[in-house]
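Report on one structure; see the data block that follows.
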Amino acid sequence: MSVVSLRNEGDVAVITVDNPPVNALKHEVRAGLLDAFKKAGADANVKAIVLNCAGRTFIAGADITEFGKPPKEPGLSEVIATIENVQKPTVAAIHGTALGGGLETALGCHFRVAVATAKVGLPEIKLGILPGAGGTQRLPRLAGMEKAFPMIISGDPISAKDALAHGIVDEIIDGDLLAGAIAFAKKKVAEGAKLVRVRDREEKIADLKANPDKFNDIIAANSKKNRGEEAPVVTTEVLRGAITKSFDEGLKGEREGFMKLVVGDQSKAKRHYFFAEREAAKVPDMSKDVKPKTVKKAGVIGAGTMGGGITMNFANAGIPVTIVEMTEEALNRGLGIIRKNYENTMRRGGISQADLDKRMSLIKGSTDFNDLSDADLVIEAVFEEMPIKKEVFAKLEKVTRPDTILATNTSYLNVDEIAATTGRVPNVLGMHFFSPANVMKLLEIVRGKNTSDEALATAIDVARKINKVPTIVGVCHGFVGNRMLKARGIEAESLLLEGALPQEVDAATTGFGFPMGPFAMSDLAGLDIGWRIRKAMGQKSEIFDSLCELGRYGQKTGSGVYRYEGGSRTPIPDEVTEQIIVNASKNAGIKRRPISQQEIGERLIFSMINEGARILEEGIAMRPSDIDVVYVNGYGWPVWQGGPMFYADLVGLPYIVEKLEGYAKESGNEHLQPAALLKRLAAEGRGFSSLGVSPIKKAA
Ligand code: 3H9
């Protein structure tokens, strides 16, 4: 069947794209559109043309899988130019999402109508590119630069209502979209409406054209921290072209910018990530017949920071949730914090009072485990101590239905050991949220050795419903994310002892694109947490124990690794810390040496990659790209660097092996010895991406 069809309904031609799942503009669609618009344009019986789409959405953009392959004619710009030059009213009928090349195609039409639930946007920046088929030149002309700039720089779609308010959409259609679009087209024919191409609309940018300096105000109003990402910089200049150049010159600039970005590593990284995120929840050894159970009611144990955040996720998704605490006092404190969080969101305009009331009404607080008797899923978020976890699960075993799925939010404990305390091992798994749990997207779903497919499918389904990005991991200490972070932590501390200062280690990390370095991060989290754990486990860290002994717990006490002045969150390097570090080096018999930013960066990043290789070796992650998803979503790895395993392939595994061996020798840090898998792949001239997918290993 053809992906583009043309039929006449009376004197209106209807061109329909039908290319599931999202009507992406693959070559056949572009060729089909060109042909159909040419035919309908030349058909004397046709007075107007409606473009619509079958299935769940309007065109969601270019076909991303075609990027990097030799281009095939016709290009999208040629198709749009043909549409734009048709001398009869053309109307795009939008439902679902008109994104990227999809919206650009619609901008080639004279008019756009949409259902109220539709969204439109130019999300190319999220793929490390810019709109390459006229979007940067047409959208400012249609909506004004004040609207187009933030849309294109953020990549976030807007609602049909917003689009209507800014002239991007001409009418919202109630009821049947196609019928409404045809009626709209007929009306335009009857009115003898003047057909103005979007490219010729100059009124909304006339002021800026006369005063091009005002463009800098728009940049300033939408400024975002840009830690080395190329696309926003290139896109900004291409957008400037919309007011400083003719339309055709502006288009030329757009094409050059697009071509530059699309072949770059940052765009490759972002495209890799787009597909990685969608792959991460696919479980190859799970039968397609397995159906998730519907979670109509959830339970959460613990109203602390994690438990509260997890609870909010359910309420936000409209799922009733019971939160259980040990005492009324702790429960009320937890519920109070939840309410305060919602109030803050309301103050910022994120939700309405009605939303707040609805969400709070879905949350039931209790100090009685028996109130979980009708829950379909219960997530435990109590202290990270095995005996406490076991006690909670033993209680849950008694009060919940045998088919209730029980999940632990542990960030490193053995999920199989916790499961073994219940009589329903297949219905137990890990659901590891990241703090703040109502904000962070990542959810590590820990598949125990005997977790059932149904329980796993349910956790994945719930994760999507509560707006998380699920990634399946196996059982080991710290799973994927924290295990790799520990490797970096060991290196960071070692670098301090060998001669680096905290600000140098943090600078190498932010220089790579992380929002924060490891030491600024530990100051934010609180140094006392690690101190307490070390004391309980009989471990020591001279530098960090000394800081804690001085009451320097981090931001909350005004000093930690760094000093914080006047309530500011800006870390200031501190001589006290430097002295503690220098003493620690001396006590360890280490002669301090200057360490380059390159060495610091490589040791931090390569140690994580090395641990990632071990994780793959042991079957704790299914694919290298799953590790990338964990890092980008949970740990601030810059998405334009693709994630640790993608980045490793980019750098080249032989280089990483050679460097790790050198650093291991020099520092004496055994964990830097390259993992067997890393060495094997490097020797075979392969990258991680050649590994494909293998199921989580079910440990013996
Ligand atoms: C562009 O347009 C450049 C132009 O300016 C210039 C050109 C010259 N291509 O997300 P889902 C697949 S750049 C290929 O799970 P949802 C996706 O991988 C493009 N494949 O569904 C998945 O496959 P699978 C600008 C695509 O309902 C399946 O479709 N546009 C594309 O949650 C379902 O996707 C964008 O960046 C694509 N463009 O969300 C939009 N899109 O089933 C990107 C999706 O095998 N897409 N797939 O896992 C989206 O944001 C979401 O997919 C969308 C639907 C909101 C549309």
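The values are calculated or read from the model by the stated rules, or taken from the named source; none is laboratory data. The shown structure was predicted, so the numbers you read here are calculated from the model rather than taken from an experiment. For neighbour counting, all protein chains shown are included, and Cβ atoms are generated from backbone atoms with ideal geometry for every residue, glycine included.
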Next item on the list: Go through (1) touching a residue at least 60 places away in the same chain (Cβ under 8 Å); (2) surrounded by 22 or more Cβ atoms within 10 Å (Cβ to Cβ); (3) in contact with a Pro (Cβ under 7 Å, 6 or more places away or on another chain) and name the single condition L443 misses.
Entry: (1)
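Take G481 and decide whether it is within 28 Å of the chain's Cα centre (by Cα) and at pLDDT below 95. Talk me through it step by step, then tell me what you get.
Working: within 28 Å of the chain's Cα centre (by Cα): yes; at pLDDT below 95: no.
Criteria not met by G481.
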Notebook entry, point to check: Across the stretch 352-371, what is the total count of residues that are of a type outside the set (S, T, N, Q) and either in a loop (DSSP other than H, G, I, E, B) or in contact with a Gly (Cβ under 6 Å, 6 or more places away or on another chain) (or both)?
Noted result: 1
Margin query: I need every pair where a residue in the stretch 319-340 that is over 13 Å from T305 (Cα atoms) has its Cβ under 9 Å from the Cβ of a residue that is among the aromatic types (F, W, Y), sequence separation at least 6 or different chains.
Written below: P320/F314; V321/F314; V324/F369
Notebook entry, point to check: Would you call K260 basic (K, R), within 16 Å of the ligand (Cβ to nearest atom) and not in a helix (DSSP H, G or I)?
Noted result: no
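To keep it simple, each residue is scored yes or no on (1) touching a helix residue (DSSP H, G or I) at 6+ places or on another chain (Cβ under 7 Å); (2) touching a residue at least 40 places away in the same chain (Cβ under 8 Å); (3) more than 18 Å from R271 (Cβ to Cβ).
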residue	(1), (2), (3)
V3	yes, no, yes
L6	yes, no, yes
D11	no, yes, yes
E28	no, no, yes
G41	no, yes, yes
R56	no, yes, yes
A60	yes, yes, no
F67	yes, yes, no
P70	no, no, no
Notebook entry, point to check: Could you list, in sequence order, the residues of the stretch 112-123 that are in contact (Cβ under 8 Å) with a residue 40 or more places away in the chain and within 9 Å of the ligand (Cβ to nearest atom)?
Noted result: K119, P123
Notebook entry, point to check: Does A179 satisfy being under 22 Å from V17 (Cα atoms), in contact (Cβ under 8 Å) with a residue 12 or more places away in the chain, away from the ligand (no atom under 16 Å from the Cβ) and assigned to a helix (DSSP H, G or I)?
Noted result: no
Check: Just wondering, is there one or more residues in the stretch 71-94 that are surrounded by 24 or more Cβ atoms within 10 Å (Cβ to Cβ), within 16 Å of the ligand (Cβ to nearest atom) and charged (D, E, K, R)?
Finding: no
Note to self: Please count how many residues of the stretch 254-304 are within 22 Å of the chain's Cα centre (by Cα) and of a type in the set (S, T, Y).
What the structure shows: 2
Margin query: Looking at F258 and the list (1) touching a helix residue (DSSP H, G or I) at 6+ places or on another chain (Cβ under 7 Å); (2) crowded, with 22+ Cβ neighbours inside 10 Å, which single condition is not satisfied?
Written below: (1)
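Do you know which of the residues in the stretch 502-518 that are aliphatic (A, V, I, L, M) and buried (at least 19 other Cβ atoms within 10 Å of the Cβ) is nearest to N587 (Cα to Cα)? Spell out how you get there, then give the answer.
Going residue by residue through the stretch 502-518, those that are aliphatic (A, V, I, L, M) are 505, 507-508, 516.
Checking the rest, the ones that are also buried (at least 19 other Cβ atoms within 10 Å of the Cβ) come to 505, 508.
Numbers: V505: 21, A508: 26 Å.
Applying the filter and picking the extreme gives V505.
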Margin query: I need the full set of residues from the stretch 298-310 which are touching a Leu at 6+ places or on another chain (Cβ under 9 Å) and assigned to a helix (DSSP H, G or I), in order please.
Written below: G308
Check: Within the stretch 106-124, which residues are of a type in the set (V, I, T) and in contact with a helix residue (DSSP H, G or I) (Cβ under 6 Å, 6 or more places away or on another chain)?
Finding: V113, V115, V120
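Does the stretch 127-138 include one or more residues that are away from the ligand (no atom under 14 Å from the Cβ), among the aliphatic types (A, V, I, L, M) and outside any loop (DSSP other than H, G, I, E, B)?
Within the stretch 127-138, the subset away from the ligand (no atom under 14 Å from the Cβ) is none.
No, the stretch 127-138 has no match at all.
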Check: Among the listed residues T65, T57, which satisfies the condition of being modelled with pLDDT under 95 and among the hydroxyl-bearing types (S, T, Y)?
Finding: T65
Notebook entry, point to check: When the residues of the stretch 547-576 are filtered to those that are among the hydroxyl-bearing types (S, T, Y) and touching a Ser or Thr at 6+ places or on another chain (Cβ under 9 Å), which remaining residue is farthest from A508 (Cα to Cα)?
Noted result: Y553
Check: Looking at Y663, Y631, which one is hydroxyl-bearing (S, T, Y), over 28 Å from the mean Cα position of the chain (by Cα) and part of a helix (DSSP H, G or I)?
Finding: Y663
Next item on the list: Give the residues of the stretch 552-568 that are on the phi > 0 side of the Ramachandran plot and touching a Phe, Trp or Tyr at 6+ places or on another chain (Cβ under 8 Å), sorted by residue number.
Entry: G558
Next item on the list: Identify all residues within the stretch 319-348 that are closer than 13 Å to G302 by Cβ and part of a helix (DSSP H, G or I); write none if there are none.
Entry: A330, L331, R333, G334, L335, I337, I338
Note to self: Quick check on my filter: what residues within the stretch 1-22 are more than 14 Å from the ligand (Cβ to nearest atom), of a type in the set (A, V, I, L, M, F, W, C) and part of a strand (DSSP E or B)?
What the structure shows: V4, L6, V12, A13, V14, I15
Next item on the list: Look at the stretch 584-597 and say how many of its residues are in contact (Cβ under 8 Å) with a residue 24 or more places away in the chain and more than 11 Å from E498 (Cα to Cα).
Entry: 2
Checklist line | Filter pass, L650 being crowded, with 20+ Cβ neighbours inside 10 Å and in a helix (DSSP H, G or I) | finding: no
Notebook entry, point to check: In the stretch 95-111, which residues are more than 16 Å from the ligand (Cβ to nearest atom) and assigned to a strand (DSSP E or B)?
Noted result: F111
Note to self: For the stretch 23-67: of the residues being within 13 Å of the ligand (Cβ to nearest atom), of a type outside the set (A, V, I, L, M, F, W, C) and under 14 Å from A106 (Cβ atoms), which is surrounded by the fewest Cβ atoms within 10 Å (Cβ to Cβ)?
What the structure shows: T57
Next item on the list: Read through the list (1) over 30 Å from the mean Cα position of the chain (by Cα); (2) in contact (Cβ under 8 Å) with a residue 12 or more places away in the chain; (3) over 15 Å from T90 (Cα atoms), then give the number of the only condition that I152 fails.
Entry: (1)
Item checked: Single match in A193, A210, A206 (criterion: surrounded by fewer than 21 Cβ atoms within 10 Å (Cβ to Cβ) and at pLDDT below 95) -> A193
Check: Pick from D285, D248, D289: which is modelled with pLDDT of 95 or more, more than 30 Å from F369 (Cα to Cα), more than 16 Å from the ligand (Cβ to nearest atom) and not β-branched (V, I, T)?
Finding: D248
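Looking only at the stretch 270-297, which residues are in a loop (DSSP other than H, G, I, E, B), of a type in the set (A, V, I, L, M) and within 30 Å of I129 (Cα to Cα)?
First, the residues of the stretch 270-297 that are in a loop (DSSP other than H, G, I, E, B): 280-297.
Keeping just the survivors that are of a type in the set (A, V, I, L, M) gives 280-281, 283, 286, 290, 295.
Passing the criteria: A280, A281.
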Note to self: List the residue pairs whose Cβ atoms are under 9 Å apart, where the first residue sits in the stretch 505-527 and is of a type in the set (S, T, N, Q), the second is outside any helix (DSSP H, G or I) and crowded, with 22+ Cβ neighbours inside 10 Å, and the two are 6 or more positions apart or on different chains.
What the structure shows: T509/G517; T510/G517; S522/G554; S522/G560; S522/V561
